[in-house]
Amino acid sequence: MSHPPFESLRLVQDKVRKHFGWSLEDDLRSVTSMASIFSGPNPYGVDEWNPSNRASTLKTLQYRIMASKQLIFVGAAVEPEEIPENKPVGTEYIVADGAVGACIGKVPPLCVVSDFDGQPYLEQAMNHNIPLVLHAHGDNIDLWKQSFESWVASSYSPPIVLTHQTPEVIDGIHNVGGFTDGDRAVCFAYWCGLQHSNIKFLGYDKNIVGRWSGHTTTDKKLAKLRWMEDILMMFPCYESRDEHSKEDASSLM
């Protein structure tokens, strides 16, 4: 199954930084700080978050992605009625950040991909012990530190995988490609070894600031969504999504 080379996905991160005027140094500062904290045996006092257990969490996610018969990505513009009441056997849901709020009580997501701004819905995910794929970047260093401290104080310790967006190799924290939570979810699945092409997208729209989006200005969010679309269009499964939707609709007639 074809998908863009990882290096082309990583290079988009350089273009995004240049476009928004963000610095690589800030991204590096965030991820090196995270790496320092999470290299020990019990980061924030939580054994579940140490390097060995994070590696086990990642291995489990990789296995389930590769074993899935269908993969559904859920983005911030999804409406609750688009989520079915049950999960077909062999289907996995990977959810972008706050969109997990549309899934809770209906289908159990495989994981939530987030850069920590999907409150209060991330707490709902943690109540169900859903694994979180959590991202460090230069603009969220204070937020991720506050989030972990708050979660520990509230007795939340979900399984986690850590990601970053720098060209450096960081032990225990992975650059899977991508920029926004929505496109990073797709990059993550392919990085994990996704093999089949039975893929659907719910709530992915570059023209809508979805109800599950994190707090931001509309103009800035729409600019980010345009970059999300550019990245997703690098994946044939996304470029041909409308054709798949028509096929699904015709099969019901």
Check your understanding: If you go through region 3-48 one residue at a time, how many are without any contact (Cβ under 8 Å) to a residue 40 or more places away in the chain and part of a loop (DSSP other than H, G, I, E, B)?
Key -> 5
Exercise for review: Run down Lys145, Lys221 and say which single residue is in contact with a Ser or Thr (Cβ under 7 Å, 6 or more places away or on another chain) and in a helix (DSSP H, G or I).
Suggested key: Lys221
Review point. Is there a residue being out of contact with any helix residue (DSSP H, G or I) (no Cβ under 7 Å at 6 or more places or on another chain), in a helix (DSSP H, G or I) and free of Cβ contacts under 8 Å to residues at least 40 places away in the same chain anywhere in region 81-91?
Key: yes
Exercise for review: For region 60-81, name all the residues that are modelled with pLDDT of 95 or more and loosely packed, with under 12 Cβ neighbours inside 10 Å.
Suggested key: Ala67, Lys69
Check your understanding: Applying the selection to region 95-121, what residues are closer than 24 Å to Ser68 by Cα and part of a helix (DSSP H, G or I)?
Key -> Asp97, Gly98, Ala99, Val100, Gly101, Ala102, Cys103
Practice item. For residues that are among the aromatic types (Phe, Trp, Tyr) and in contact with a strand residue (DSSP E or B) (Cβ under 8 Å, 6 or more places away or on another chain), scanning just region 36-59, find the one that is surrounded by the most Cβ atoms within 10 Å (Cβ to Cβ). Key: Trp49
Point to revise | Identity of the residue in region 209-228, of a type in the set (A, V, I, L, M) and modelled with pLDDT of 90 or more, that ends up nearest to Lys18 (Cα to Cα) | key: Ala223
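The values are calculated or read from the model by the stated rules, or taken from the named source; none is laboratory data. Just so we're clear, the structure is a prediction, and the values are computed from it rather than from any experiment. Counting neighbours? That spans all protein chains shown, and the Cβs are built from the backbone with ideal geometry, glycine included.
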